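Peer 1: Take this structure first; my questions come after.
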Amino acid sequence: MIQSLIHRLLKRRHFWRYASFDEVAELYASRVMRILAQQMIGLFVALYLYQRGYSLEFIAAFFAIMFAARMFIAYPAARFVAKFGPKHGILAGNLLYIPALIFFTFVPDYGIPALIAFAIFQSISMVTYDLAYMVDFSKVKHVDHAGKEIGYMQIFERLTASLSPFIGGAIAYLIAPEATMWFSAVFFAIAAVPLFKTREPVRLHQHLTFRHFPLRQTWRTIVAETAVGFDNFSSLGVWALFLAIVVFSVTTNEAYFIIGFFASITVLTSFIAAYWFGRIIDWRHGGDLLKVASVGNAMTHLFRPFITTPAGVVAANVSNDVVTTGYGMAFMRGLFDTADRAEGFRIAYMCCISMALNFGAALAAATLLGLLILIPDSAGALRLFYVAAGSYVLLALFARFRLYK
């Protein structure tokens, strides 16, 4: 149904790629289902642990270790994608998230062992899926209209990401947090189904090698990707904790509903921003968009410590949604162009990008842990964390993609 709707909405406007639009439509449909499942619970993992009595220091250490471990998962995940293709990688990534969710529901009963099992399955799922998705989309995009295609993908993604926290929060409030995870597991089970009506977009049984890897033309983008990982952790798990502890001072099940509601009111701005930013990229202004949105992203983080009211939360969420969409789309377009230039090393390059992304997230979690240890007041530590985040995310400007020169 989702794939049919995408065809009706977009295919007439994509007259230049009738022959292979099926591949993009299938990727859109699969991505929507994945984001719906992931965002229903992704925003609330840290809050759930805090609600169950785990300290902020423990939560920060847990995420730091988990993200650091994901760096070592990237290589075997890349070998899997090289051998079996990105669609099979997406399928594996979706299916592996199901046992992760099941183990997470057992955390109240079994504690640390269930949490470790959750971390293992979720990490393998996230790394495999993200790497395979990036390889797949970078291969099937149309080079002359990549900005528009990324824009459409972002429209569906941001629309789904805006609504799913509210859905997940409502289920957690009305039923139980664990019920949200069971609903998510169902969506993960069907998220990869649309992908297998067409063949794999890359040659199978490839030999993954880093010999003669074009490091000179890729190293800046790899370093800049760490800023994306730092930003992701800052805008999801830490933000949910900040809202629950500092702004609303509520950690009951009501917190899921409140945070999900405020996360979902950005749906209109997400839609408009993704639509126009895709055109800006195709109009050869992606470099300007990357600069402006990256600075705006830093300013949004620097604004967060001063938020004390619901109106401030709305302003921060809207601002974050717009600037994250802007720099994310421009950055992704630059990554895809770099992958095209690194001929024969597409999967190897995406492997490095995955490692950098998780390094940035691990660094963010470690920064939060350090601040929590140094500053006794948890609210003060969370506020100071966003000062650090506002500084580090500017590293996205370090990329200097050749496409935008």
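Peer 1: Hey, among Leu335, Leu290, which residue is of a type in the set (A, V, I, L, M), within 30 Å of Lys83 (Cα to Cα) and either crowded, with 24+ Cβ neighbours inside 10 Å or within 19 Å of the chain's Cα centre (by Cα) (or both)?
Peer 2: Leu335
Peer 1: Additional query: Kindly list the number of the only condition in (1) at pLDDT 85 or above; (2) crowded, with 24+ Cβ neighbours inside 10 Å; (3) farther than 30 Å from Ala61 by Cβ that fails for Glu149.
Peer 2: The single condition Glu149 does not satisfy is (1).
Peer 1: Look at Asp109 and say whether it is surrounded by fewer than 19 Cβ atoms within 10 Å (Cβ to Cβ), out of contact with any strand residue (DSSP E or B) (no Cβ under 9 Å at 6 or more places or on another chain), at pLDDT 65 or above and among the acidic types (Asp, Glu).
Peer 2: Answer is yes for this residue.
Peer 1: A further question on this structure: Return a yes/no flag: does region 263-274 have any residue that is modelled with pLDDT of 75 or more, buried (at least 21 other Cβ atoms within 10 Å of the Cβ) and among the β-branched types (Val, Ile, Thr).
Peer 2: Within region 263-274 (the criterion being modelled with pLDDT of 75 or more, buried (at least 21 other Cβ atoms within 10 Å of the Cβ) and among the β-branched types (Val, Ile, Thr)), the answer is no, since none of the residues qualifies.
Peer 1: Looking at this structure, is Ala244 over 30 Å from Ala399 (Cβ atoms), part of a helix (DSSP H, G or I) and in contact with a Ser or Thr (Cβ under 6 Å, 6 or more places away or on another chain)?
Peer 2: Yes.
Peer 1: Give region 72-87 a look and list any residue that's more than 20 Å from the chain's Cα centre (by Cα) and part of a helix (DSSP H, G or I), or say none.
Peer 2: Pro76, Arg79, Phe80, Ala82, Lys83, Phe84
Peer 1: Taking the condition surrounded by fewer than 19 Cβ atoms within 10 Å (Cβ to Cβ) and either more than 20 Å from the chain's Cα centre (by Cα) or charged (D, E, K, R) (or both), does Ala366 pass?
Peer 2: Answer is no for this residue.
Peer 1: For residues that are part of a helix (DSSP H, G or I) and at pLDDT 75 or above, scanning just region 193-220, find the one that is nearest to Ser138 (Cα to Cα).
Peer 2: Thr218
Peer 1: What pairs come out if I take residues in region 58-79 that are closer than 15 Å to Ile353 by Cβ and pair them with residues that are among the hydroxyl-bearing types (Ser, Thr, Tyr) whose C-beta lies under 7 Å away, six or more apart or interchain?
Peer 2: Arg70/Ser123; Ile73/Ser123; Ala74/Ser354; Ala77/Thr128
Peer 1: Taking Phe104 as the residue in question, decide whether it is at pLDDT 85 or above, part of a helix (DSSP H, G or I) and either among the hydroxyl-bearing types (Ser, Thr, Tyr) or at negative phi (or both).
Peer 2: The answer is yes for Phe104.
Peer 1: Still on this structure, I have one more. Are any of the residues in region 350-370 out of contact with any Gly (no Cβ under 8 Å at 6 or more places or on another chain), more than 20 Å from Ile59 (Cβ to Cβ), at pLDDT below 95 and among the aliphatic types (A, V, I, L, M)?
Peer 2: Yes, region 350-370 contains a residue that is out of contact with any Gly (no Cβ under 8 Å at 6 or more places or on another chain), more than 20 Å from Ile59 (Cβ to Cβ), at pLDDT below 95 and among the aliphatic types (A, V, I, L, M).
Peer 1: Run down Ile90, Ile98 and say which single residue is surrounded by fewer than 22 Cβ atoms within 10 Å (Cβ to Cβ), touching a residue at least 12 places away in the same chain (Cβ under 8 Å), in contact with a helix residue (DSSP H, G or I) (Cβ under 8 Å, 6 or more places away or on another chain) and farther than 30 Å from Ala381 by Cα.
Peer 2: After applying the criteria, what remains is Ile98.
Peer 1: Within region 206-252, how many residues are among the aromatic types (Phe, Trp, Tyr) and over 30 Å from Val314 (Cα atoms)?
Peer 2: Residues meeting the conditions: 3.
Peer 1: Quick test of your reading of the structure: Arg304 fulfils all but one of (1) basic (Lys, Arg); (2) on the phi > 0 side of the Ramachandran plot; (3) within 24 Å of the chain's Cα centre (by Cα). Name the failing condition by number.
Peer 2: Here Arg304 clears every test but (2).
The values are calculated or read from the model by the stated rules, or taken from the named source; none is laboratory data. Quick caveat: nothing in here was measured; it's all calculated off a predicted structure. For neighbour counting, all protein chains shown are included, and Cβ atoms are generated from backbone atoms with ideal geometry for every residue, glycine included.
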